[in-house]
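First the structure, in the form of structure tokens, and then the observations on it.
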Amino acid sequence: MKVTDACTGCGVCVDVCPFGAIDMVNGKAVINEACRACGQCVDACPVGAIVMSEVEAVDLSDYRGVMIYAEQRGGRVHPVSYELLGKAQELAAQLSEPVYVVIVGSGVGAGAEEFVRRGADKVFLYDDPALADFRDDPYTDLLARCCKEEKPSIFLIGATSLGRSLGPRVSAKLQTGLTADCTYLDIDTETRLLRQTRPAYGGNIMATIVTPNSRPQMATVRYKMFPEAVKVDHPKGSVVEKTVDVSKIRDRVKVLGFEEAKEQVSISEADLIVSGGLGMGDPKGFELIREMAETLGAAVGASRPTVDEGWIDYRHQVGLSGRTVRPQVYIACGISGAVQHQAGMKTSDIIIAVNKDPEAPIFKISSLGVVGDLYEVVPRLIEKIKEHSGRA
Amino acid sequence: MNIVVPIKQVPETTEVQFDEETGRLIREGVAAIINPFDEYAIEEALRIKEKLGGVVKVITMGPPWAADALRDAISMGADEGWLATDRAFAGADTWATSLTLARCIERMGGYDLVICGLKTTDGDTGQTGPEMAEHMDIPHVCYVSEITEIGDGRVVVKRNMDEGVETLEAPLPLLITVGKDINQPRLATLRGRLKAKKAEIKEITNNDLKMDPKEIGLDGSFTRVVKLFEPEVPEAGEIVEGTPDELAEAILVKLQECKVI
């Protein structure tokens, strides 16, 4: 962003800047370090005195194809990878480009085949006993290597804990842009650029971001945002084995052990979720939530403040800083519905909220809002459900 | 042990609002604070220093007033505050920010450990830490929930992953990112505040770094924000009031409608 001599010092840009990034110095606008290059001042300036800095165009025509990273642990493919494949197929169809998958691990050949069955054009396979455990160093090296060799125009990684550690490292190595935790992706038909949309400010703002001058255009993509790619009738793709001498790859961090979470919480996959919030007033509230969840065969969710307070393990956390969930029915008990919580559950098919406060924001997005004390309503509901299932 | 903690000043609330007429963000009257995750990073650094001795340096990149965040960190117990401030740094995305911070840290004297908060509450990306590690050519471990051993050029840490907890051993120097489960940050003492008030903040500009203008700020950024907008909100349905029994019945009916019972 640059201010030219045409600036009249009218101050319109100072008012429109969302980031407080423009100061008036000696009657001229000066852009400071808070600038995020959103361009609002460029549009607002009545005399056209603010211009976007030009960036040198790079020849990008060598890059073709939409590549996704197939995440796996112990040979089990993370379902977000199939969601990425589905999205990649859609984007690739728009661009008339191929769909690539890259998978790294030990004994993951069967996993690679599954991507072919689901319609991938090429699956690049790095399979070596030394790659069994995920480590940022060798995995970064191999993904960067694969991108340099295959030159995809787009590279998508799941925004899981693993992907959000690995993605930044790969993008830094490849000297290309990375957009974190995207919830929406599409192609700009005019420029053919990937439009990457993501929540920021705890879900209060959505930002659409592009990577115009470097390749691949990289994004980490939130789990449970897109449907999985399904098996195709006549798969035409193939697995391409990539051989590398893994012992020559730098590998600085050693895995000493892995302890699976005691309680396997699978709120991401659940069709039914019962969640508790700070409105329960007491950590014991979760006993009631668990009882109701058991009665319904539901998973237990939680709001961020209850996790921060130590009432429940963080793996239960629903929201922007926790998991995104998309169940058939989401029952929120004593959850006020902060924007960051909503960002993680508002795409649920049906939302039922129980809250004492009739003004609670959760009611604005609920299919059914129940104004009442959860300690009075929920026990009765549990009885009723039991009665109902007894009759059925 | 020389520990560097990169921090960021963020708005106190993320509940930014849009002006419905102009479609712009309203930001008046929003105070600035240290990114809450960074306080856990500072606390962890202080605990290591208390155990092993050494120096804790905090650094931020931002406008001159970001020095307030550095003073807050000093009032908690950090030894030095460094401010990377230059108009040339403006408009940086995580790539350019991490590269600039990496070059700054390399100028601040030796380091054994870099501790970052796992993300900021405004940008929410969590990318700057791992990108910085790549630029500095040191390993990184994200989501550290506990440092179980540290010393003799190595650390053993626990890392929270989606499926469970990993135990990892890494050599120093190392960059880690930490979340809220690692400790409980201390509050600043009165003495700390007095010390922070008088502390000298060391400034770094691009005159010091001499980075290529194409590597910093907006020109050094690979990503561009092309649009900001308010998220869509699903429509509200029915709101019911009544006796606990009537309310429980209403939920039961809804669950039956959805065919989940």
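A short reminder: the numbers here are calculations on the coordinates, not readings from a lab. Remember, it's a predicted structure, so these values are computed and weren't measured experimentally. Note: ideal-geometry Cβ built from the backbone for every residue, glycine included; neighbour counts use all protein chains shown.
If you split all Cα-Cα distances of segment A:2-109 into 10 Å bins from zero, what percentages do you get per bin, shortest first?
Over segment A:2-109, the share of Cα pairs per 10 Å bin runs 13, 26, 13, 19, 19, 8, 1 percent.
Based on the Cα atoms of segment A:2-51, what semi-axes does the equivalent ellipsoid have, where each is the square root of 5 times one gyration tensor eigenvalue, given in whole Å with the largest first?
Working: eigenvalues 42, 27, 17 Å².
Gyration-tensor ellipsoid for segment A:2-51: 14, 12, 9 Å.
Kyte-Doolittle cut-off 1.0, length cut-off 30 Å along the helix's own axis using Cα: show which whole DSSP H helices in chain B pass. It would help to have the intermediate numbers written out before the result.
Numbers: long enough: none.
Answer set is empty.
Only counting other Cβ atoms within 10 Å, I'd like A:C10, B:C116 sorted with the fewest neighbours first. Provide the component values of the computation, followed by the final result.
On the way: A:C10 16, B:C116 30.
So the residues, fewest neighbours to most, are A:C10, B:C116.
Ignore the peptide's own chain and count Cβ atoms of other chains within 10 Å of each Cβ in B:84-97; give me the average, rounded.
Values: counts 1, 2, 2, 5, 1, 3, 10, 13, 4, 7, 7, 9, 1, 0.
So the per-residue partner count for this stretch is 5.
For every helix of n ≥ 4 consecutive DSSP H residues, a contribution of -39,500 (n - 2.57) applies; sum these over chain B, divide by its total residues, and give [θ] at 222 nm rounded to the nearest 500 deg cm²/dmol.
It comes out at -9000 deg cm²/dmol, rounded to the nearest 500.
Once both labels are modelled 7 Å past Cα along the beta-carbon direction, what's the A:E376-B:R186 spacing in nm?
The modelled label-to-label distance comes out at 4.8 nm.
Using DSSP, restrict attention to beta bridges with both residues in the protein assembly as shown and report what percent are antiparallel, rounded to the nearest 5.
Details: 48 of 121 bridges.
Given both bridge residues lie in the protein assembly as shown, the antiparallel proportion sits at roughly 40 percent.
Determine the shielding of peptide B:116-127 by partner chains: average, over its residues, the number of Cβ atoms on other chains within 10 angstrom of each Cβ. Mind showing how you got there, number by number?
Details: counts 0, 0, 4, 4, 1, 6, 7, 6, 12, 10, 10, 12.
Per residue, the average neighbour count from other chains is 6.
Report the extension gain between B:R47 and B:T243 in nm, rounded to one decimal, defined as 0.36 nm multiplied by the number of residues separating them, less their alpha carbon distance.
Numbers: separation 196, 0.36 × 196 = 70.56 nm, distance 5.29 nm.
Difference between extended and current length: 65.3 nm.
For chain A, just say rounded, prolate or oblate: build the C-alpha gyration tensor, square-root its eigenvalues into a ≥ b ≥ c, call rounded for a/c under 1.5, and beyond that prolate if a/b exceeds b/c, oblate if not.
Working: a/c = 2.08, a/b = 1.15, b/c = 1.81.
In terms of gyration-tensor shape, oblate.
Assign one of three labels to segment B:49-104, namely rounded, prolate or oblate, based on the Cα gyration tensor with a ≥ b ≥ c the square roots of its eigenvalues; rounded applies when a/c is under 1.5, prolate when it is not and a/b is larger than b/c, and oblate otherwise. Please report the intermediate quantities before stating the final value.
Details: a/c = 3.30, a/b = 1.76, b/c = 1.87.
Note, shape of segment B:49-104 comes out oblate.
In nm², what is the average projected area of the convex hull enclosing the Cα atoms of segment A:66-248? Working shown, then result.
Working: hull surface 40.0 nm².
One quarter of the hull surface, i.e. the mean projection, equals 10.0 nm².
Counting pairs of alpha carbon atoms under 8 Å apart in space and at least six apart in sequence, what relative contact order in percent does segment A:272-391 give?
Across segment A:272-391, relative contact order equals 23 percent.
Between A:D282 and B:R193, what FRET efficiency follows from the Cβ-Cβ distance if R0 is 25 Å, with the result rounded to 0.05? Show your work: numbers first, answer last.
Values: r = 35 Å, r/R0 = 1.41.
It comes out at approximately 0.10.
Only Cα pairs under 8 Å and at least 6 apart count here; give the relative contact order of chain A as a rounded whole percent. Kindly include the intermediate steps, with their values, before the conclusion.
Working: 809 pairs, mean separation 46.7, N = 392.
12 percent.
Using 7 Å Cα-to-Cβ label points, what is the A:V12/A:S96 separation (nm, one decimal)?
Reported label-point gap for A:V12 and A:S96 is 4.2 nm.
Along the Cα-to-C-beta direction of A:D62, a point sits 7 Å from the Cα; which residues of segment A:208-248 have their amide N less than 16 Å from that point?
A:213-217
When DSSP assigns beta bridges and you keep just the ones with both residues in segment A:67-171, what percent turn out antiparallel, to the nearest 5? Show your work: numbers first, answer last.
Working: 2 of 14 bridges.
About 15 percent, rounded to the nearest 5.
Report the residues of segment A:286-318 in range of a label on A:D357: point 7 Å along Cα→C-beta, backbone N strictly under 18 Å from it.
Under 18 Å, as judged by backbone N against the label point of A:D357, lie A:302-309 of segment A:286-318.
Please state the shape class of segment A:272-391: rounded when a/c is under 1.5, otherwise prolate if a/b exceeds b/c and oblate if not, all from the C-alpha gyration tensor. Display every interim value, and only then the final one.
On the way: a/c = 1.38, a/b = 1.31, b/c = 1.05.
Here segment A:272-391 falls in the rounded category.
Normalising by the residue count of segment B:2-215, find the relative contact order in percent from Cα pairs under 8 Å and 6+ residues apart. Could the numbers behind the result be given before it?
Numbers: 429 pairs, mean separation 55.1, N = 214.
Worked out over segment B:2-215, it gives 26 percent.
Which value in nm describes the separation of the simple spin-label points at A:L256 and A:D188, placed 7 Å from the Cα toward the beta carbon?
Each label point is offset 7 Å from its Cα along the Cβ direction, giving 4.8 nm.
When the expected Rg is taken as 2.2 N^0.38 Å, what fraction or multiple of it is the alpha-carbon Rg of chain B?
Values: Rg = 22.3 Å, N = 261, 2.2 N^0.38 = 18.2 Å.
Dividing the Cα Rg of chain B by 2.2 N^0.38 Å gives 1.22.
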